[in-house]
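Okay, so here's the structure we're looking at.
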Amino acid sequence: MTSSLPANHALPDLCDSFPPMSPSPSLHGEDMMTDSLLLSGSPRYKKGSVTFENQPRRRAPSGGKPTLLQRQQSFGRDIGHAASETFLLTRLTITLLRYLGVGYRWITRLAGLGLYAALLMPGFLQVGYYYFFSSQVRRSIIYGDQPRNRLDLYLPGNKDGKKPVVAFVTGGAWIIGYKAWGSLLGKQLAERDIIVACIDYRNFPQGTISDMVTDASQGISFICNHISEYGGDPNRIYLMGQSAGAHISACVLVEQAIKEAKGAENISWSVSQIKAYFGLSGGYNLFNLVDHFNNRGLYRSLFLSIMEGEESLKQFSPEVRIEDPGCTNAAPLLPPITLFHGTEDYSIPSASSQAFVEALRRSEVPAELILFEGKTHTDLFLQDPLRGGEDEMFDHLVAVIHAGDNEALAKDANAPPRRRLVPEVLLRLAGCISPF
């Protein structure tokens, strides 16, 4: 059963009916009452004379350790936070299925996704524990006043000096994207003294592509203007996106360059603040992807609803836009661009990255394409990092970020091999049944 959504379909806000949760003081700026209300669009909640909002982390009294009661309260909040996040994702999934219809194709894909996740569960559990309980993760920092305008920060254990920063936009087919999807990348880059900021954004049907681009841009603005407060170096900020997140972040970058080329005033961040852009398994020309996605199960009517109709495909196709004669002054403003793609990626063909790199080079933008033979849509982002040991894409990423920092490069050269999180037999089985 296919979706019959028109392109101008009025979108429901999934979070309007979220039940309120019991408030409690927050140690990490993420109390559950605020989570629920922010997801419904409210930046703060007032009850009586108390205002609940994102707060700085409280510390134990000087010279003392947190009490048993404080530790119990913190643990309870972490569990409650995990439950509320699971509730959100479940609700999004159910609403999505209402739009897609439950046909044979989607039933088999969902079954495949469930088995795929089960095979990788040993790694997911370890990363999930790190995400919810590590003191190096600052979750749900508010960057705007719209639903899901939050980001997670992954901080290195070493606090000496200002650290380079990766602003990361996660994928999820524009429908199930979520900031926690970047926790594995955040964990492993933080181990190399790199701060990672994973930006959440409204998904369809909470919002359409223009909302996603607006949210991502606002998240990048927050990072550019506030990352120094968390130990980040505002002069070493890198932008990265994966899959749909690569498309969204590329849209943001090109749009910002066009605004600056036209002399727009009152901009909150500048393309010049981004040292480089990394796109992983992304699609950059929507005209070439509509039929491909339709054949893959992301039906044409649904995809056009996400992208706000056929008339908007040009606006949200970075490859097309960068070669528009009216945007020629924007190209010189773009930072160096590196695209990564697997040759066996069936979700978004590697030809998409190839075409974008060629368009960038024709516009004299420094661009590089790195293809990985035999790699699928999820190999580079999930299976390979879970495998541990050497990882060509990860090593290239770290080398670019640490270029010119001899001390950091020396540490990288002597860094212990990354730990394996999932047995090889499970990784190979997961690769065989992956629905992506």
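The values are calculated or read from the model by the stated rules, or taken from the named source; none is laboratory data. Here the structure is a predicted model, which is why all the values come from computation and not from measurement. Positions of Cβ are backbone-derived with ideal geometry, glycine not excepted, and every protein chain shown enters the neighbour counts. For accessibility, only protein heavy atoms count, side chains too; no ligands or nucleic acids. Shrake-Rupley method; radii C 1.70, N 1.55, O 1.52, S 1.80 Å.
Classify the stretch 98-221 from the C-alpha gyration tensor, please: rounded if a/c falls under 1.5, else prolate or oblate depending on whether a/b exceeds b/c. Oblate is the answer for the stretch 98-221, as a/c is 1.5 or above yet b/c matches or exceeds a/b.
For the stretch 243-339, GluC sites (Glu not before Pro) are listed when DSSP marks them as loop and at most 16 other Cβ atoms sit within 10 Å of their Cβ; the list is 265, 323. Gain on full extension, evaluated as 0.36 nm per residue between residue 136 and residue 310 minus their Cα-Cα distance, stands at 58.3 nm.
The share of Cα pairs per 5 Å bin across the stretch 310-351, counted from zero up to the longest distance, runs 5, 17, 18, 21, 20, 15, 5, 0 percent. Placing unit charges on the Cβ atoms only, positive for Lys and Arg and negative for Asp and Glu, gives the stretch 304-436 a dipole magnitude near 340 debye about its Cα centre.
Determine the gain in length on full extension of the stretch residue 300-residue 328; use 0.36 nm per residue of separation and subtract their C-alpha separation, reporting nm with one decimal. Extending this stretch completely gives an extra 7.0 nm. Pull out a ≥ b ≥ c, the square roots of the eigenvalues of the alpha-carbon gyration tensor of the stretch 238-295, then state rounded if a/c is under 1.5, prolate if not and a/b is larger than b/c, and oblate in the remaining case. Here the stretch 238-295 falls in the oblate category. Cα centroid separation, the stretch 383-431 to the stretch 273-291: 23 Å. Once the Cα-Cα distance is subtracted from the 0.36 nm per residue extended length, the residue 121 to residue 267 segment shows a gain of 48.3 nm. Measuring between alpha carbons in the structure, the pairs from 163/275; 163/375; 163/411; 159/411; 259/314; 179/314 lying more than 21 angstrom apart are 163/375; 179/314.
Rounded to the nearest Hz, the phi-derived 3J(HN,Hα) couplings of the stretch 378-387 under the Karplus curve 6.51 cos²θ - 1.76 cosθ + 1.60 (θ = phi - 60°) are 9, 4, 5, 9, 10, 4, 5, x, 5, 6, where x marks glycine and proline. Distance from the Cα centre of the stretch 144-197 to that of the stretch 296-359, in angstrom? Computed from Cα coordinates, the inter-centre distance equals 23 Å. Share of carbon and sulfur in the accessible area of the stretch 215-316 stands at 41%, probe radius 1.4 Å. Can you work out the FRET efficiency for the pair residue 371 and residue 405, with r the C-beta to C-beta distance and R0 = 25 Å, to the nearest 0.05? Result of the calculation: an efficiency of 0.35. Once the 1.4 Å probe is applied to the protein heavy atoms, the stretch 97-203 comes out at 35 Å² accessible per residue. Averaged over its residues, the stretch 368-436 has an accessible area of 53 Å² per residue, based on protein heavy atoms and a 1.4 Å probe.
Residue 172 sits among other residues whose Cβ lies under 13 Å from its own Cβ, and their net charge, with Lys and Arg +1 and Asp and Glu -1, is +2. Once you order the gyration tensor axes a ≥ b ≥ c over the Cα atoms, which shape class does the stretch 344-405 get: rounded for a/c under 1.5, otherwise prolate or oblate by comparing a/b with b/c? Since a/c reaches 1.5 but b/c is at least a/b, the shape of the stretch 344-405 is classed as oblate.
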